[in-house]
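Reading through the structure tokens given below for one structure.
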Amino acid sequence: MSDQAPIRAGVAGFPIQHSLSPLIHREWLKRAGVDGRYDRIEIPPGYESFQQAADDLRRKGYAGLNVTLPHKENALRYADEADSTTSRAGAANTLVFSAAGVKAYNTDVSGFALSLKAAGAVVSEQSRALVLGAGGAARGVAAALSDLGCGSIMLANRTLEKAEAIAASIPSATTLAWDRRDAALGDIDILVNATSLGMSGERPLEISLSALPKSAVVADIVYTPLKTALLADAEQHGLQTMDGLSMLMHQAAPGFEMWFGEQPVVDDALRELLVTALNHRGPA
Ligand code: ATR
């Protein structure tokens, strides 16, 4: 028997009680038979509190962290090193601690790309995407589409300046006025909701999908509810869909592999586990 302490990691955010990440990582730990722990770590907003908490976790020997709202930008600032995708996204959701320092990753970007592929989307120089929103999530989605070689990425946001700021850093990106979103759908291959609209307790996303080509893929990063009104509408139109749970599972995998040393599998059994947890949670 090994007398080594278990490998420890966790998810840090505020609030953190409803995070599904512990469920994902603990399931993968069980499957891999790895002696590891994955905790929920509440860190109040602000860089100072993030820095203090992260320093403390490193002293305790944590292998790293997943980082969620409101700390994704703090996580990047805290790190010693980040790859180009993460720097471009301006935010990190995964930190790896080692004696050499702290490395930051944005696996929301690769997670989105992988789940889009899993939904059957083929992205090429000819592809035309419309991304709704211009917050941190939309920035990650636009970066992922750009990494996949998407020829045209349009960003529509209520506050146009925020979309312009993202478009300025992504070569194939342009912007669109928020009230032009319906009119733009005629030649869109990939539509992504990266706003908070449609989330339980938020306003609905108002959009008419009638003009979308039948081959289009519709993605929603919102996963409470799992089937948003947008995805239900897309299904009614016979369109391929990608939900937020798919992205959540795929973004978790790289961190698990880096901390615990085993490559995890995203499969239907894991999805079922998360769907059950969401169903038991009731309205947000
Ligand atoms: P995240 O970092 O998760 O993306 P965020 O930065 O709060 O979260 O972004 C929320 C997104 O939802 C923004 O694009 C926001 O539009 P604004 O930039 O104009 O605020 C969008 N959003 C939220 N409420 C909205 C509403 N009622 N109508 C249109 N867009 C809305």
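Ligands, DNA and RNA left out, the accessible area of segment 119-168 computed with a 1.4 Å probe is 48% carbon and sulfur. For E42 and N279, the difference between the fully extended length at 0.36 nm per residue and the C-alpha to C-alpha distance is 82.9 nm. Annotation for T159 and V265: the two label points, set 7 Å from Cα along the Cα-Cβ direction, are 4.4 nm apart. The antiparallel fraction among DSSP beta bridges confined to the chain stands at about 20%. Longest stretch of the chain clear of exposed loop sites (GluC sites (Glu not before Pro), DSSP loop, at most 13 other Cβ atoms within 10 Å, sites excluded): 1-124. A crude spin-label estimate for the pair R31 and S84, with each label 7 Å from Cα along the Cβ direction, gives 3.2 nm.
May I ask you to give the solvent-accessible area per residue for segment 63-128, in square angstrom, as obtained with a 1.4 angstrom probe?
Numbers: 2850 Å² over 66 residues.
That works out to 43 Å² per residue.
Straight-line cross-link reach from K72 at under 16 Å between alpha-carbon atoms covers these lysines, not counting any fewer than eight positions away in the same chain: K103.
For segment 12-159, what ratio Rg/Rh do Cα atoms give with a Kirkwood hydrodynamic radius?
Details: Rg = 16.7 Å, Rh = 16.6 Å.
With Rh from the inverse mean 1/r over Cα pairs, Rg/Rh is 1.00.
For T174 and R77, calculate 0.36 nm times their separation in residues minus their Cα-Cα distance, and state this gained length in nm to one decimal.
The span from T174 to R77 would gain 32.2 nm if fully extended.
Label point of R203 set 7 angstrom out along Cα-Cβ; within segment 120-160, amide nitrogens under 17 Å from it belong to 132-135, 156-160. Within the straight-line cut-off of under 22 Å between alpha carbons, the lysines reachable from K117 are K214, K227, sequence neighbours fewer than 8 places apart in one chain being disregarded.
In terms of Cα to Cα distance under 19 Å, which aspartates and glutamates are near enough to K162, apart from those fewer than 8 places away along the same chain? Counting by Cα, and skipping residues close in sequence, K162 has these aspartates and glutamates nearby: E73, D179.
For segment 109-245, what does the relative contact order come out to in percent, with C-alpha contacts under 8 Å and a separation of six or more?
Working: 277 pairs, mean separation 30.7, N = 137.
Taking the mean separation of contacting Cα pairs over the length of segment 109-245, I get 22 percent.
In a Gaussian network model over the chain where Cα atoms closer than 10 Å are linked, find which of A168, A253, A99 has the largest mean-square fluctuation. Among A168, A253, A99, the largest GNM mean-square fluctuation belongs to A99. Ligands, DNA and RNA left out, the accessible area of segment 202-284 computed with a 1.4 Å probe is 49% carbon and sulfur.
Extension gain for H18-Q52 works out to 9.9 nm (0.36 nm per residue, less the C-alpha to C-alpha distance).
Need one word for segment 109-245: rounded, prolate or oblate. Basis is the Cα gyration tensor (sqrt eigenvalues a ≥ b ≥ c); a/c below 1.5 gives rounded, then a/b vs b/c decides. Cα axes put segment 109-245 in the rounded bin.
The values are calculated or read from the model by the stated rules, or taken from the named source; none is laboratory data. Computed from a prediction, not measured in an experiment: that's the story for all the values here. All Cβ positions, even for glycine, are placed from backbone atoms using ideal geometry, and neighbour counts span all protein chains on display. For the accessible areas, the whole protein counts, side chains as well, though only heavy atoms, and no ligand, DNA or RNA atoms are used. Shrake-Rupley method; radii C 1.70, N 1.55, O 1.52, S 1.80 Å.
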